[in-house]
1. Choose one answer from B:Ile278, B:Ile47, B:Ile163: the residue with the largest mean-square fluctuation in a GNM of chain B with alpha-carbon springs under 10 Å.
2. Hey, if you put +1 on the Cβ of every Lys and Arg and -1 on every Asp and Glu Cβ in the protein assembly as shown, which of B:Thr67, A:Val243, A:Phe181 ends up farthest toward the positive end of that dipole?
3. Do the sum for chain B: with -39,500 (n - 2.57) for every DSSP H run of n ≥ 4, divided by all residues, what is the mean residue ellipticity at 222 nm, to the nearest 500 deg cm²/dmol?
4. About the Cα centre, and with charges only on the beta carbon of Lys, Arg (+1) and Asp, Glu (-1), how big is the dipole of region A:314-374? Nearest 20 debye, please.
5. Using θ = phi - 60° and the Karplus curve 6.51 cos²θ - 1.76 cosθ + 1.60, what whole-Hz ³J(HN,Hα) does each residue of region B:58-73 get, with Gly and Pro shown as x?
6. Treat every Asp and Glu Cβ in the protein assembly as shown as -1 and every Lys and Arg Cβ as +1, leave all other atoms uncharged, and give the resulting dipole magnitude about the Cα centre to the nearest 20 debye.
7. Just the number, please: percent antiparallel of the DSSP beta bridges in region A:272-397, rounded to the nearest 5.
8. What spacing in nm lies between the two simple spin-label points modelled at A:Ser252 and B:Tyr50, each 7 Å away from Cα in the Cβ direction?
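What follows draws every value from the coordinates through simple rules; no lab data is involved. Remember, it's a predicted structure, so these values are computed and weren't measured experimentally. Here the Cβ positions follow ideal geometry from the backbone for every residue, glycine too, while neighbour counts run over all protein chains shown.
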Amino acid sequence: MKEKEIILKVEDVSKQYRLGLIGTGTLGDDLKRFWYKIRGKEDPFLKVGDSSDRNKSATSDYVWALRNIDFDVNKGEVLGIIGKNGAGKSTLLKILSRITLPTKGQIKTKGRIASLLEVGTGFHPELTGLENIYLNGAILGMTKVEIQEKEDDIVEFSGCKMYIDTPVKRYSSGMRVRLAFAVAAFLEPDILVIDEVLAVGDAEFQKKAIGKMQDISKGEGRTVLFVSHNMASVKTLCTKAIVLEHGSIVFSGGTDEAVSYYLKGGAEIENAKDFGEDYEKEEFNLQNISVYNSGSKVKDIIKESLDIEVKTELFVKSNTPENLHITYHMTNELGDAMFSFSNYKTDAPLKKGENKLLCKIPAKFLQSGQYFLSLIVVKDKKHAAFVERDIISFTVVDSSRDIGEYMGREPGYIRPNFNWSIADD
Amino acid sequence: MSTNLKAKQDDNWLYTISAKRKLIDFNFKEIWQYRDLLVLFVKRDVITVYKQTILGPLWYLIQPLFTALTFTLIFNKVANIETGAVPPFLFNLAGISIWNYFKSCLTSTSNTFSGNAGIFSKVYFPRIISPLSSVISNLLRFLIQLLVFIIFYIYYYINGAAISINEFIFIFPLLIILMAFQGLGLGMIISSMVTKYRDVKFLLNFGVQLLMYVSAVMYPLALMREKLPQFAWLVNYNPLAYIIEATRFVLLNEGSFSLRGLAYTSLITVVIFFIGLIIFNKTEKTFIDTV
């Protein structure tokens, strides 16, 4: 195999932050640090510090946002960096783009790194669009000549030609973002760092931006570090990926493996739930609810391309089970009700004793996203014998249905696969 | 990987980001690469300061002129400070112009980190570009003020005031540079302290005010030595006072000047500048964590 050229080498990088306020205590710590330093000893605060887990309470004033990060990037590779909020992605990018230094370790690079951490940096509201293109371009490390060569392309790409001589303060926020992205898109660093820019602009501009990024990362053989929450775009764009958790790398390898590792590790996914004594009611005991793809295990991630089954296990004690039925209300992650479904007047009524009811949501019906089910057990068709909101939640992910064409989320809550044909009249 | 190849690879790293730092670690090649940014920053500062004002760049002139006028009325007419053969207004205008240059360099440089936190937290470029650009844009402002000074100079000259330029006029550019570097150096020290301790900001506000009084802006050095000999050391050892006095000496041929003083001031300036540079260099790498 041909030896690949390593362009970026991250060696044992750690970053420590101070928790809480910077105030009078800081001066004390500073003095202590200085006192150790002049005696030639190691910084005493490097030995302490918690790993970065927001949910735990802190045991010391210092926290490790990153701990012992090690990876290499070869030339032309697109590395995906995935992780939940607070996993250390942004800190890592900040160190890579030289905004701050690591507390320990080092990073070696053979190329210029430029970042799209947040577009539009340094825009001055009083300057015109064109003046800002030059200013922003220079801030991002372009020379005047470089910008001059690309000026027309940038203006064209931004779609702000008409307003190019108007001060940026009169721009709508969307236009500002377009202009800013346009400048950044024409950067030509050896290593490009992209963070979450997918989330900007309207659908049309998003498509344009994504197309551009694909060009950058695929066509031009550029090295890209790509951070996103959108697993579909990570899957399409990246050649390998690392998963960060609490400031450490927990997985490193192929993109597909990394994405499923990440999705499985997500604590929000609660595809199955057993219910105990609290759910033993007068007329029934609720035992278990689980959601999974047909033919898959409960622990697996739920894909939108396969049937989704909702299984309800209920032990009915009542002697008149025909008076009971169950209804689910489905809400999306924003809490909007989407629809309800019920076993009333279906082929699966409740019987006395053990019940295992299965409801099948057809494949290619739900959008990717997180969903919540609320359970209502209805008695005599009118009053609720049992209600629990958001009794279970599950996350549906995009499969390869149309990856590569449009990675943003289509509008709407459901995405049914209707029947299309050619009319023959 | 063979060790040979490894060694070869290790050699051509473009740069290393590491926790270890050198005392002064400026990559001049890199700063040179960003020269266009410097120019654009200067342009931005000059263009945008007086946007949406009616008088626009006239504000550059109004402020020193009115300050000089006020000083003339208070210090010369009311308090009777003698300015020798030189018209008091011209005496004050010279002092204020050069003092203002120092002051604006100091205040804008000391604002480098806290004022640019937004940009600095997102993009990397050599941070020194930022204070350098304000020193240059302030220089342009100073030159405009100098032009006004020259106009008044000619006016007074035509009206028969006994003023003349000293033969040491050729050191005037040096005086300006010394002033700029003192403002820059002091500003860099303060800017670094402000990132951690905001107290310094308050100190700066009235500190500059007090500094003006001990910097011989509105009185000749000799007057201080004569009237308040016990405090004269404050002014004698103040490099700013020396530069201001020397400025008036070369422009108006009034006051005192010595090469020993010039050497002393230059030395202090270099020291301040390098201390500023070291502290700035140390701060720029991680200030974003504390700002």
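1. B:Ile47
2. B:Thr67
3. Taken over chain B, the calculation gives -22000 deg cm²/dmol.
4. 260
5. 4, 4, 4, 9, 4, 4, x, 5, 5, 5, 4, 5, 4, 4, 4, 5
6. About 1880 debye.
7. Of those bridges, close to 95 percent are antiparallel.
8. Label-label distance for A:Ser252 and B:Tyr50, simple model: 5.8 nm.
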